[in-house]
Each structure stands twice: as structure tokens, then as C-alpha cells.
Amino acid sequence: MAGLTKELALKMPLNLGASISGIATKETLKGPYTADIEYVLEGARSAIVFCVPFDQELIEPYLGKKDFKLSEHKMRTTTFAGGISFEIATVLTSLGYKAYPIAPNFAFRTDTENGIFDRVPPISLKLLARACGIGHIGQSGLLITKEHGAAFSLGGVVTDAELEPTPPLQENENYCDRCGMCKRSCVADHINNEPVTISLGNETIRAGNCRLAARCAYPCGGITGLHKSGEWSTWSPGRFPLPDEDEEYRTISRKYVQRYLQRKRRGAICYNPLLAYPFEMQYTCSNCQFVCHPDIEVRKKRYESLKNGGVVVENEDGSKIVMRKEEAERSISEMPEERKRLYTDE
């Protein structure tokens, strides 16, 4: 069998388009069940992990409702990260190793209580990336790096190759100062105030503590998006209820998903198995991911852009327009009842 060295394992994703790479092992991943790499590959010993950044120049226009281009860019970059995982796994398999490419998104365990609707990934790329020194976990529960903030897609490959791990970052290198702008950027109030501690390998780490995953998916996937103030929204034209209790989100997304699927979405789409046929989705939020930046002043500017960006209303042809609160309310009220129900229960 041809030898796979640590140096080659780290270089492969970088040459294929990633910006940071690392190696985690069974030992450095001990603890959380979603970090058990043998769940996806019997005999697995290590994982090659990497990130592919999003274009920072697209973030503020997206948050300020000036340009929706970042939604497509996020989809394409995430798909690209999956392609890197698949290519590396294919090469390793050809060299005689066992290898399993980790999907960056929309892969869920089927053996939990509610199956895919529990939204538990086969392997947590976030934990793998934290263990191998790519970044830290911020208040948002997302991985953050000093290079890209939270604006990137993760990818990885689990293998039976025995590789030397890269060390985790020191906690004092974590730029997250719990400013709370990720929390204030979330229309569904998905992020808790207090962190949790996780035993990972030989470390006890601090991590953001989020609420039920369905709570995030409801606006991020575009079903709804109006902030409770009515003053601003995500890129979703939906204004369905935002319950206070987590348990209500287990059913509310399914209640409105058919109305969402009847809208005439324009632009790029991705496929989410949690939706009904034809499973088509657009990202309309990801605000917590895009607001976050190592520089607090950039965070503040991005959050102000979001808060002052207005409300999205959808034309009948699926194109989006941005209005102030009163104008948007008037536009919705003047819609025919059959069309209005695609966006609201009122």
C-alpha cells in the first residue's frame, strides 16, 4: 500500500481549493458520540478536515438586502467542499485505504428517535475541526476562525490511515467575546446565552449552546423570516409565527412547508431531504454565520446593515423587493387571499 504521510494529507485539500486543513484522530476525538469516526467507517483511525471560505465581499450587501448573490455563493461553495471530500476519498481508496467523504450539509442519521428530523449528522465536522486546530466554537455554536470568522464551509474525509494529529488551538486564541450579535441576528432566537462544556479528546472546551435544530432551519431554509419587531427580515418573504417554545418548532415547519414550496423561487437552489417533494431550498438567512467576524467593528457594521436593511416582499414572479415596515405591511394586506397565505396566517 502506498504511504499517506501527514504532510500529503494536509496538502491535498489545500491544493484542491481549501484554505485551512488539519488532522483529527480517534484519540483526539474521544467523547461526543457525533465525533465517533467509526460510526461511518469501521476501523477508522483519523480524519482529514478542511474549510473553504466564502467571499467576504458578498456579506455586507447580503445582510443589508442589497444583493442576494451570497445565497447562491454559499450553496456552490458548500457543494465544492463536498467535491473536495469526494476527490480525496476516491484517491485514498485507489491507494488501498478505506475512506469515507463527509458531506458538508444535508446528511442526517436515520437511527435516532425522529430519524432525519432530529437533524443529527453522521459525523460533526465542527467537532472534528475544533479538535484538529482549524478553529474554535463561538457563541453561535458555529466554528469560527481568525482568518474567516464563521464564513466558510467545512469538509472532511474519514480514513483507516494512521496519521499524526494536528494540535487544537489554545482557548486564549478564541476571538469570540460573547458580543451577542449572532444571537440578535437570529429571528428565531436559536442561540442560548450560556455556553456548554464538552469533553473532546484530552480537552474540556467551551461551546455555544443552541436550542432545537428545527428552530434554526425554519428561517434559514426560507419558510419564514420576519423579525418580531417587523422592522427587518431575512431574505425570506414569509411572516409565519415564531413560537417561543422549542417543541412547537417540531411541527410548525411541516405545517407551512407546502406553502413555502408553492412560492416561485428565483435563483440557485439546493436539495434538502427534510422538505417535501421536490425538496428544493434556498438559503435566506445564515445571519449568525455572516455577521460574525474577528474584528468587533466589522461585526457591528454588519449587524447594523442587517437591522436597517428593511423587509423582503416577494413579487408574484418570485423576484424579491425590499421595503420599509409600513410599506411591506400594506403590500401584504393588498395581496389576494390565496397568494397571501403563501406568506402569512393573517
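The values are calculated or read from the model by the stated rules, or taken from the named source; none is laboratory data. As the structure is a computational prediction, the values presented were derived from the model and not from experiment. Quick reminder, even Gly has a Cβ in these numbers, built from the backbone with ideal geometry, and neighbours come from all protein chains shown. All accessible areas refer to the heavy atoms of the entire protein, side chains included, with ligands and DNA or RNA removed. Shrake-Rupley method; radii C 1.70, N 1.55, O 1.52, S 1.80 Å.
In the range 322-346, the residues that are farther than 17 Å from R263 by Cβ form Cβ pairs under 7 Å with partners that are in a loop (DSSP other than H, G, I, E, B) and open to solvent by 20 Å² or more (accessible area, probe 1.4 Å), at six or more places apart or across chains, as follows: K325/E231. Are any of the residues in the range 247-268 at pLDDT 90 or above and in contact with a strand residue (DSSP E or B) (Cβ under 6 Å, 6 or more places away or on another chain)? Taking every residue of the range 247-268 in turn, none turns out to be at pLDDT 90 or above and in contact with a strand residue (DSSP E or B) (Cβ under 6 Å, 6 or more places away or on another chain). The residues in the range 159-188 that are in contact with an Asp or Glu (Cβ under 9 Å, 6 or more places away or on another chain) and either farther than 30 Å from R215 by Cα or modelled with pLDDT of 95 or more (or both) can be counted, and the count is 5. Scanning the range 226-277 for residues that are polar (S, T, N, Q), farther than 16 Å from R119 by Cα and not in a loop (DSSP other than H, G, I, E, B) yields a count of 3.
The strands (runs of 3 or more DSSP E) found entirely in the range 120-216 that carry 2 or more residues being open to solvent by 50 Å² or more (accessible area, probe 1.4 Å) and in contact (Cβ under 8 Å) with a residue 24 or more places away in the chain are 203-207. When F68, F50 are checked against the criterion of being farther than 21 Å from S236 by Cα and hydrophobic (A, V, I, L, M, F, W, C), a single residue qualifies: F50. Screening the range 1-105 for helices (runs of 4 or more DSSP H) wholly inside it with 2 or more residues that are closer than 16 Å to T159 by Cα and open to solvent by 20 Å² or more (accessible area, probe 1.4 Å) returns the ranges 6-15, 69-94. Within the range 305-326, the set of residues being exposed (fewer than 14 other Cβ atoms within 10 Å of the Cβ) and not in a loop (DSSP other than H, G, I, E, B) comprises just one member, E326. Select from the range 55-65 the residues that are touching a residue at least 24 places away in the same chain (Cβ under 8 Å) and not aromatic (F, W, Y) and write down the one among them that is farthest from N308 (Cα to Cα). Here the answer is Q56.
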